[in-house]
Structures are given as C-alpha cells and as structure tokens.
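J.: The structure follows.
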Amino acid sequence: MAAAQQENHDRPVRPRSYDDISYRDGFLGIIGDFQKTEVLQDVVLEVEGRQLPCHRLVLSAASPYFRAMFTSGMAESRQKTVVLQGLDASMFGEILSYIYSGTLHVSLDKVQPLYQAADLLQLDYVRDTCSSYMAMNVERFNCVDLYKFADVFSVDVVRNRCLQCIYMHFIKVSSSEEFCSLSVNQLTEIISHDELDVTEETTVWEAVVRWVQHSREDRLHHLPSILPHIRFNLMTSDDTAAILEHPLVMENSGNSELRTLVMRETSNQKRRFGMDAEEMAIMFRSAGPSTNTREMLCFNPREQKYTKYSYSVPRIIKATVTSVNDIYILGEESNEELSLLQYNHLGNVWEKKSSFHREIPECLPSDFQLEYLFEVDGHLYYLAVHFSKGRSVSVVTKKYEWLTDQWQDCSKPRHDDVAMKSHVATTCGGQIYIFTNIVRGMHCYDPSQDLWSKITLPINIFHLSTAVAMGMEIFFTDSSLSKIGVYDVEADSWRELPGWSDPNRYPDPNQGATFFAHEGQLHVFVELYTDPPEDNHCMHVCKYDMFAGGWSDSPVPLPDWTWRMCRPVPPVARMYKSLPWQDVHMDTRDTEHPQGTMN
C-alpha cells in the first residue's frame, strides 16, 4: 500500500488550462454597463462637437490608435478632453458601440464611413467586416460608387468584385450618372478589359463620348489617352467612318493623332467577353438523391447544342433571369427555409445573397404549393400559391429589398378570387399576372401600387400548363397544346392561335408543356408520343412559326428527359463561350456527355 502511494506521488501531474467563457462574456457585459451608467470614465472624446465620455483602458485595449495616444507620452495622454479630427460623429458612435459590446451593425448606407473610421482607428475586425460586407453586396445600382471608394482605399476584394459587376452590366452602368463621375484612370481601366459584356465595340465608344461630354472642357484633352483602349479593329468600316465625323474628333481635326488612333490596324486586340455570348434556355436536375450536387443544362435550340456542368447548392425550387442577365435561383435549405443565390458569370460560381422563412399554412398532407421567382423593374419577387383540396388557401407575395437584404411582405389577392387548382404566372410590362382556368380569371399585381386586380379571360383554356411573355404579349396554353391564348397587355386585347396539329406526334398531357422565348421566338419543351408508338420517348423542343400558324415539323430531342424545366417557364440567359463549358451537339439521345465541374 505504501509502495502504491509512493508510486502515485512520483507520477507527474499534467497542467491544464480552463477557459471561463461566462467570465469573458460577463466581463464585456460589465464594461458595457460601466459605459452606459458612466461609471469610472476617465476621458472625454470630442468628435464634431459631440462629447463622449469613455475609459482609457478600454479604448487602448481595443485600438492600437488609442493605445499609442494614451501610453506613449503624447499630450492627449494627460488631457481630460481629447478632440478627434477626421471622424464622423455618428460613425464614431457605432465604433464605440462595437468596442464596448463586441457587436457591429453594418448597412449599405453607412458601411463606407464606418470603414474609414475603422481604418483610421486601426480596428482590423471592423475594417475587414466592412470589406466583406461591401464585396457581398455589390450590385448594378451601387457598383460604380463602391468601386470608386475601394479604389481610393485600396480595398482589393471590393474593387475586384465591383469591376466584375461593371463588366457584366457595362451597357446599363455606362449609361448612368455615376459612370460619368469616374476618373480618367478608372475609365481607361474599365474599357481596357476583355470581360466587357458588349456585343459591339461601338458601345464602348459611346460610353467614352458620354463620359467626355459630361465635363467637356475638362476632359476633351484626355481623348488621345483614352482612344488606344477602344478596339477599333472590331468595328466595321462604316462605324469608324462615322466616328471620324463625330464632333469630338472633328473639333480636334488638327490633331492627326486622333485620326490615326481611329483608323489604326490593331488585329491583336481580342474580342470582348459578350461578343461571343449565346442565348440559352436553362434547366436543372439532381445528380444524386442523397447529395446537394446539381447539374445545370444550357440549351440553344437554334444551334441544337447544349452545355452542362455540376455544382453544389440546395435543391432548386425556381430560377429566373433578370433584364440585365443576372441569374437567380431559390434553393430549399429545408422545408421552412429558402435561400436566394446569384450566378457569377465571370467566376462561374453561385453566390448566396439571402435567406427567408417559407410561409406554409397548416394544410392537409395532400395539399401542395406552387412557387415562383420573378424580376419586375429591377426588383425580385417571390410568389407562392398554397392549395387545399383544390382551393387556394394562401397567396404569399414578397419583395426583395437590396439595401436591407430582407424580404418584405406585399399585399395579397382575395382568397375567393384565386380559388383555382390549375394556374400559371408570369411577368409582362412591369406587372405580375396569374392565369387561372376554373374561374377563367387573370389576376394582375401592380408592384408600384402594391395592388391586385382581376380580369376575366375571354379565352377558355382548361388545365393551364405554361405561360411566357414576349414583348408586351403573354402566350399561354394547356398541357396538350390544343390552342394558344395571347393577351396584349398594352392594348388589353386577346387573340387565339392554332395549337398542335401533327397527326404522327402528340404531347403527353400528363407531363405538361413548358413555354420559353428564345431569340424573340416562341418555343416549347414537351414530351412527345408517336403514332404508331415508339419504344422510347423523350423531351423535345419545338419552335412556333407565327407566319405559318403552327409548330415546327422537326422537334429537337433533349439528351434525356430527367431535366427539370423550372416550370411554368425555364429561364433564358446569355451564356458566355469563354467560360469552361463543354459544348455538345444534339446528334444523340445518349445521356453520356462531358460536363464541367464547379468548385
């Protein structure tokens, strides 16, 4: 026994460290309470005339700026009141709130001055958080403003993201007032890149003209340094002749350098990113039942070829393409949670934008819902119609607010007005339309008024399957393509077009039809059977001939029939050949095709 005790006594005991998380949290809470109750404060900071009592010890622990001020023998270390220059009072209040609580509140309207304050006070966490927030919230409406800010403060992650956004939306961005506020160096950096999404080089010249004319006297002398970044070799001879006659060039007719720059041969300059883009319909499917891996197929019916790749995102509920070619999807994180993701064309990745709670009423197990994602006048809208025994029990409409990154509830139509089992929805002319078949009603939502109205359909189409807008007209039909209804939203008039007429092939009414518009022409995805029947059947694409009044005689088969069309309308986007796509011509129904891989 004594020997055992001696052995235990000789055995070394390993030291351990214990983290008291409650102490750390409580300590910070007590410090915050001291600040709120003005206890033990020993210095007053004055910012823009506003006096803020604080604790030297807390400020020094949080910020190297204050640590140097209070511990290096500077005059401020002995002063009761310290005046701070170059800071915004409201932003410094946010900084103090972070220092005493550890919580930082960031929004688009204050992220730039907050970054400036953090940069001055050497608060790395605040500065990095603001950088990440700006990079995650770069959009077409703010990309120029954020680019200029990031350029001044050398915030590369934000600067690069803004440049990507400017490249992809160059036509819209270059027409904005903010674009004309760029410096000459910023302008030339932008127009010198291959990634500009323009179909013609004259678009770049026109952007330069707008920039110069915005402040003509101050900017005209910059023209010789700007013109080398315009790729005149990509223009036609008529285009260059017109530019030589332009007033900006004519006014400098004595400057032979300008005419030489316009007429020069620069065959080594590349084509722009958007010059080889193709308009494609987009479809999705799951690569495996137990994984988050999905495949996206982009199909060009005119070229009869498709491209596809795989990626990892939640199960896709709906997809849409905006007027500026941004692709968004709604992913199902869970039964209760949806996420909004945006496709980054240049990076070839999906980026998460926001999440929101899916409102599901307490229904019977057999009930179901249809969900939509639309863009109207630059805003995203989510629409969900929930059913109970064939009658709608709930219509949910939400609008995505870019500035707050939140989904805002919109008004709802009366439930008795949308009592239908079969319906489709689409957008046209800045409004959202829901077509129903049981009560022959069309329900119209005006986002500018947040108001629903109802119109009676003069055309009766049972078992509505799909609807799509082309220009200011909406085309809709049933699952058998028996006839096509057309509504002109401007004229408030209706017409009817002939439906399917091929006696040797007929649509499967159980699968439904899916309209989409490609290069200004009406197309449909439809599963076809033949008479006499064939062993196999698959999804086909057909084009409607408006002059002949019927569907094309040569349907194009898809590689296989397992692709989801994001009904009732698959999104159509301009996709870029310079990305690592795998192009495959539609000469087989075999499903073994190469595919790209997303990281």
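J.: Considering only strands (runs of 3 or more DSSP E) fully contained in segment 283-356, which possess at least 2 residues that are surrounded by fewer than 18 Cβ atoms within 10 Å (Cβ to Cβ), under 15 Å from the mean Cα position of the chain (by Cα) and touching a residue at least 60 places away in the same chain (Cβ under 8 Å)? Can you show your working first?
T.: Numbers: elements: 293-300, 305-312, 315-321, 327-332, 337-344.
Filter on segment 283-356 gives an empty set.
J.: Looking for whichever is surrounded by 19 or more Cβ atoms within 10 Å (Cβ to Cβ) and either on the phi > 0 side of the Ramachandran plot or not assigned by TED's automatic domain parsing to the domain that holds D156 (or both) here; the options are A89, A117, A68, A61. Which one fits?
T.: Working: A89 fails: surrounded by 19 or more Cβ atoms within 10 Å (Cβ to Cβ); A68 fails: surrounded by 19 or more Cβ atoms within 10 Å (Cβ to Cβ); A61 fails: surrounded by 19 or more Cβ atoms within 10 Å (Cβ to Cβ).
Exactly one of A89, A117, A68, A61 is surrounded by 19 or more Cβ atoms within 10 Å (Cβ to Cβ) and either on the phi > 0 side of the Ramachandran plot or not assigned by TED's automatic domain parsing to the domain that holds D156 (or both), namely A117.
J.: Among the residues of segment 185-219, count how many are surrounded by fewer than 18 Cβ atoms within 10 Å (Cβ to Cβ) and aliphatic (A, V, I, L, M).
T.: Of the residues in segment 185-219, 1 are surrounded by fewer than 18 Cβ atoms within 10 Å (Cβ to Cβ) and aliphatic (A, V, I, L, M).
J.: Now for a separate question. Would you be able to tell me the number of residues in segment 144-176 that are small (G, A, S) and assigned to a helix (DSSP H, G or I)? First the steps, then the outcome.
T.: Restricting attention to segment 144-176, the residues satisfying the condition of being small (G, A, S) are 150, 154, 174-176.
This time we only want the ones that are assigned to a helix (DSSP H, G or I), so: 150.
Qualifying residue count, segment 144-176: 1.
J.: Yes or no: segment 240-248 includes at least one residue that is in a helix (DSSP H, G or I), small (G, A, S) and at pLDDT 75 or above.
T.: Here is the first cut: in segment 240-248, the ones in a helix (DSSP H, G or I) are 240-244, 247-248.
With small (G, A, S) added as a condition, the list becomes 241-242.
Cutting the leftovers down to at pLDDT 75 or above gives us 241-242.
Within segment 240-248, one or more residues are in a helix (DSSP H, G or I), small (G, A, S) and at pLDDT 75 or above.
J.: Here's a follow-up. For L528, state whether it is farther than 26 Å from K412 by Cβ, surrounded by 22 or more Cβ atoms within 10 Å (Cβ to Cβ) and either hydroxyl-bearing (S, T, Y) or touching a strand residue (DSSP E or B) at 6+ places or on another chain (Cβ under 7 Å) (or both).
T.: No.
J.: Scan segment 488-503 and give yes if some residue there is within 21 Å of P413 (Cβ to Cβ) and at pLDDT 90 or above, otherwise no.
T.: Yes, the conditions are met somewhere in segment 488-503.
J.: Another question, then. With respect to the numbered conditions (1) part of a helix (DSSP H, G or I); (2) surrounded by fewer than 21 Cβ atoms within 10 Å (Cβ to Cβ); (3) not β-branched (V, I, T), which one is the sole condition not fulfilled by F141?
T.: (1)
J.: Being more than 21 Å from P413 (Cα to Cα) and surrounded by fewer than 18 Cβ atoms within 10 Å (Cβ to Cβ), is that true of even one residue in segment 441-453? Even if it seems obvious, please write down each step before you answer.
T.: Applying the first criterion (more than 21 Å from P413 (Cα to Cα)) to segment 441-453 yields none.
The answer is no, given that none of the residues of segment 441-453 is more than 21 Å from P413 (Cα to Cα) and surrounded by fewer than 18 Cβ atoms within 10 Å (Cβ to Cβ).
J.: Do we find a residue being surrounded by fewer than 19 Cβ atoms within 10 Å (Cβ to Cβ) and modelled with pLDDT of 90 or more anywhere in segment 476-487?
T.: Yes: one or more hits.
J.: Does A135 fit the bill of being surrounded by 15 or more Cβ atoms within 10 Å (Cβ to Cβ), hydrophobic (A, V, I, L, M, F, W, C) and either free of Cβ contacts under 8 Å to residues at least 12 places away in the same chain or closer than 30 Å to N325 by Cα (or both)? Working first, answer last.
T.: On the way: surrounded by 15 or more Cβ atoms within 10 Å (Cβ to Cβ): yes; hydrophobic (A, V, I, L, M, F, W, C): yes; either free of Cβ contacts under 8 Å to residues at least 12 places away in the same chain or closer than 30 Å to N325 by Cα (or both): yes.
Spelling it out, A135 is indeed surrounded by 15 or more Cβ atoms within 10 Å (Cβ to Cβ), hydrophobic (A, V, I, L, M, F, W, C) and either free of Cβ contacts under 8 Å to residues at least 12 places away in the same chain or closer than 30 Å to N325 by Cα (or both).
J.: Mind telling me which of the residues S97, S107 ends up being in contact with a Ser or Thr (Cβ under 8 Å, 6 or more places away or on another chain), surrounded by 14 or more Cβ atoms within 10 Å (Cβ to Cβ) and at pLDDT below 90? Break it down into steps so the answer makes sense when it comes.
T.: Values: S107 fails: surrounded by 14 or more Cβ atoms within 10 Å (Cβ to Cβ).
Going through S97, S107 in turn, just one is in contact with a Ser or Thr (Cβ under 8 Å, 6 or more places away or on another chain), surrounded by 14 or more Cβ atoms within 10 Å (Cβ to Cβ) and at pLDDT below 90: S97.
The values are calculated or read from the model by the stated rules, or taken from the named source; none is laboratory data. The model shown is predicted, which means the values in this text are computed figures rather than measured ones. Reconstructed Cβ throughout: ideal geometry from the backbone, glycine too, with neighbour counts over all protein chains shown.
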